[in-house]
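Enquirer: Just dropping this structure here.
Only the coordinates and a few stated rules stand behind these numbers; no lab work does. No experiment lies behind these values; they were computed from the predicted model shown. Methodologically, a virtual Cβ is constructed for each residue, glycine included, from the backbone with ideal geometry; neighbour enumeration extends over all protein chains shown.
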Amino acid sequence: MTDCAACPWKQPAPTWSRSSPRSSAPAPGVVLAGMTLPPNYGPEYIRSFERIFVELSQEYKTSRIPFLLQDVAVRPDRMQPDGLHPNAAGHQIVAANVLRALEPMLQR
């Protein structure tokens, strides 16, 4: 999903729901990375969007990174000029965030 304005958040994650088997067993080795939206989407829409990641993680019993751009999005020196996407320095932080979530799985 890349165009947030075109996604109907009242029907969460249609792509994942169709392509992922439902199971009561945990999804080993799967990490779901949460995201948010720019403030211009409005607080209600943003909450609905963010909630999808929590619900999917619970439903599919995955590990979850609450916010993929933690320690990146609020730092202009770690973002591209568009203010939405990380630059090279930001990607290093993102990689560290993801590795922190993956490390317990890699040690199994």
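Enquirer: Enumerate the amide H contacts of Leu32 below 5 Å, restricted to partners 5 or more residues apart or on another chain; note that Pro and chain-start residues carry no placed amide H.
Expert: Result for Leu32 returns Ser63, Arg64, Ile65.
Enquirer: Let me ask another. Using the Cα gyration tensor of region 27-106, with a ≥ b ≥ c the square roots of its eigenvalues, what is the shape: rounded (a/c below 1.5), prolate (a/b larger than b/c) or oblate (neither)?
Expert: Values: a/c = 3.59, a/b = 1.17, b/c = 3.06.
Oblate shape, in that a/c is at least 1.5 and b/c is the bigger or equal ratio.
Enquirer: Something else now. Convert each backbone phi in region 97-108 into a coupling constant with the Karplus relation 6.51 cos²θ - 1.76 cosθ + 1.60 (shift: θ = phi - 60°), then list the ³J(HN,Hα) values in order as whole Hz, x for Gly and Pro.
Expert: Taking θ as phi minus 60°, the curve returns 4, 5, 4, 4, 6, 7, 3, x, 6, 6, 8, 7 Hz for region 97-108.
Enquirer: Now, a different point. What list of ³J(HN,Hα) values in whole Hz, one per residue of region 77-87 in order, does the Karplus curve 6.51 cos²θ - 1.76 cosθ + 1.60 (θ = phi - 60°) give from phi, with Gly and Pro shown as x?
Expert: Along region 77-87, the couplings run 6, 10, 10, 5, x, 6, x, 10, 10, x, 8 Hz.
Enquirer: What distance in nm separates the simple spin-label points at Asp82 and Leu99, each placed 7 Å from Cα in the Cβ direction?
Expert: In this crude label model, Asp82 to Leu99 measures out at 2.6 nm.
Enquirer: Using amide H atoms built 1.01 Å from N in the peptide plane, name the residues 5+ places from Asn87, or on other chains, whose amide H lies under 5 Å from its own.
Expert: Placed amide hydrogens put Met79, Gln80 under 5 Å from Asn87.
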